[in-house]
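Each remark here refers to the structure printed beneath this line.
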Amino acid sequence: MSTTQKIFYVVAILLLFSSGQTLCHTKGLRPRNSSTRQQNKNMTQTQISELQFMKWVRFVGRLKHSVFRAAKNKLFPSITLRVSKNKASGDFTSIQDAIDSLPLVNLVRVVIKVHAGVYTEKVSIPPFKSYITIEGAGAEKTIVQWGDTAQTPGPRGQPMGTYSSATFAVNSPYFIAKNITFKNTTPVPPPGAIGKQAVAFRISADTAAFFGCRFLGAQDTLYDHLGRHYYKDCYIEGSVDFIFGNSLSLFEGCHVHAIAQNIGAVTAQGRSSILDDTGFSFVNCKVTGSGALYLGRAWGPFSRVIFAYTYMDNIIIPKGWYNWGDPSREMTVFYGQYKCTGPGASFAGRVSWSRELTDEEAKPFISLSYIDGSEWINM
């Protein structure tokens, strides 16, 4: 995208989100004609708020979310490598060795088939090694594990931080993972523990898809950092903020399981600006586990999370959502439910700044179009 285009889009969005009183989750969209202004004179503040909100929802539904050009995936494998604990049955004995064998700039689809076994290694895919598929022999049979935390000393002796604690880190686009487990072996930390963030998987690139994978950890299990991502039929386990980051992601048919000892939270979505078109959407999922669980905490002031057609066990705290200790975020976050079921799904006790979505409000968030999936996902 050129500088001129970027300026045009920023100006256009700023015009859409122009001045005006902001109520609930509306973004103060300016009425476009005099007839609308005349209509507003006969409406209550609540009705005006809902009208503005729906304009924003329709605007979100029209967006093309990529900050890159149209996604052009490469799905037909050109190279297949095999990783096995048994030297006789594979090309490599570690996943990192297989990745390191590829050229610095990879431009073809490479499938790395990982045989059954527990691979105790820390893996990183660098930015220019795109189009890599990691395929296990089954999520319960093929496990990649490591045990770093945010306070683990790094190469220079300083704490490595949450970002670098990941067992498996991906920094290149068009990544695919199938039927494999990514695990951080750090035990569940006590409430309030410092430096115990322990990432099992970090994805810091656009257009990544995960099918039948498991992500196991405690605090900060899945760092859904940047880009558009699709999770299909995955299992995600953790205690506090165990799905977090500032990506645009669709979770479909996933099982989210809490192992919190006390109070936990499923999500900590980090949308930090009104101009960030990011957020998490959970569709046809289920939320189970232990502890008392928030659906999300407002890590970012414009945090956005949707749960639709999702079963929720009775572990969900009735309020549902937490403002991260900052009441001002209640005016800017977007938290919603749509046709959820189960003993934890009742909207009656939810905070006033979350929404029970209508059909029209939910529509932009519950299909592959939310992440421009038709461009790059092969169902």
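Sort through Gly217, Gly253, Gly289, Gly238 and tell me the only one that's more than 28 Å from Ser346 (Cβ to Cβ) and modelled with pLDDT of 95 or more. Before you say what the answer is, go through the steps one by one.
Numbers: Gly253 fails: more than 28 Å from Ser346 (Cβ to Cβ); Gly289 fails: more than 28 Å from Ser346 (Cβ to Cβ); Gly238 fails: more than 28 Å from Ser346 (Cβ to Cβ).
Testing whether each residue is more than 28 Å from Ser346 (Cβ to Cβ) and modelled with pLDDT of 95 or more leaves just Gly217.
Is there a residue in segment 176-184 that is on the phi < 0 side of the Ramachandran plot and touching a helix residue (DSSP H, G or I) at 6+ places or on another chain (Cβ under 9 Å)? Looking through segment 176-184, none of the residues is on the phi < 0 side of the Ramachandran plot and touching a helix residue (DSSP H, G or I) at 6+ places or on another chain (Cβ under 9 Å).
Inspect all residues belonging to segment 267-276 and state whether any of them is in a strand (DSSP E or B), of a type in the set (Lys, Arg) and within 21 Å of Tyr230 (Cα to Cα).
No, every residue in segment 267-276 fails to be in a strand (DSSP E or B), of a type in the set (Lys, Arg) and within 21 Å of Tyr230 (Cα to Cα).
Out of the residues in segment 221-238 that are in contact with a Phe, Trp or Tyr (Cβ under 6 Å, 6 or more places away or on another chain) and not in a strand (DSSP E or B), which is surrounded by the most Cβ atoms within 10 Å (Cβ to Cβ)? Spell out how you get there, then give the answer.
Restricting attention to segment 221-238, the residues satisfying the condition of being in contact with a Phe, Trp or Tyr (Cβ under 6 Å, 6 or more places away or on another chain) are 221-222, 231-232, 234, 236.
Okay, now just the ones that are also not in a strand (DSSP E or B), so 221, 234.
Working: Thr221: 28, Cys234: 22.
Among those that are in contact with a Phe, Trp or Tyr (Cβ under 6 Å, 6 or more places away or on another chain) and not in a strand (DSSP E or B), it is Thr221.
Residues that are in contact (Cβ under 8 Å) with a residue 12 or more places away in the chain, aromatic (Phe, Trp, Tyr) and part of a strand (DSSP E or B) do occur in segment 239-247. Could you go through segment 75-98 and let me know if any residue there is of a type in the set (Gly, Ala, Ser) and either part of a strand (DSSP E or B) or touching a helix residue (DSSP H, G or I) at 6+ places or on another chain (Cβ under 7 Å) (or both). No, there is no match, as no residue in segment 75-98 is of a type in the set (Gly, Ala, Ser) and either part of a strand (DSSP E or B) or touching a helix residue (DSSP H, G or I) at 6+ places or on another chain (Cβ under 7 Å) (or both). Taken over segment 248-266, the criterion of being small (Gly, Ala, Ser) and part of a strand (DSSP E or B) is satisfied by Ser249, Ala258, Ala260, Gly264, Ala265.
Close Cβ contacts (under 6 Å, 6 or more residues apart or on different chains) running from residues in segment 302-318 that are assigned by TED's automatic domain parsing to the domain that holds Thr358 to residues that are among the hydroxyl-bearing types (Ser, Thr, Tyr) and not in a strand (DSSP E or B) comprise Phe302/Thr332.
Inside segment 150-188, residues that are in contact (Cβ under 8 Å) with a residue 24 or more places away in the chain and touching a strand residue (DSSP E or B) at 6+ places or on another chain (Cβ under 8 Å) make up a count of 27.
Quick one: count up the residues across segment 252-306 that are of a type in the set (Val, Ile, Thr) and touching a Pro at 6+ places or on another chain (Cβ under 8 Å).
1
Which one of these is at pLDDT below 95, crowded, with 22+ Cβ neighbours inside 10 Å and over 15 Å from Asn184 (Cβ atoms): Ala268, Ala260, Ala208? Let's see the steps before the verdict.
On the way: Ala268 fails: at pLDDT below 95; Ala208 fails: at pLDDT below 95.
It is Ala260.
Residues in segment 333-354 that are crowded, with 20+ Cβ neighbours inside 10 Å and in contact (Cβ under 8 Å) with a residue 60 or more places away in the chain: Val333, Phe334.
The values are calculated or read from the model by the stated rules, or taken from the named source; none is laboratory data. Not measured: the values here are computed from a predicted model. Positions of Cβ are backbone-derived with ideal geometry, glycine not excepted, and every protein chain shown enters the neighbour counts.
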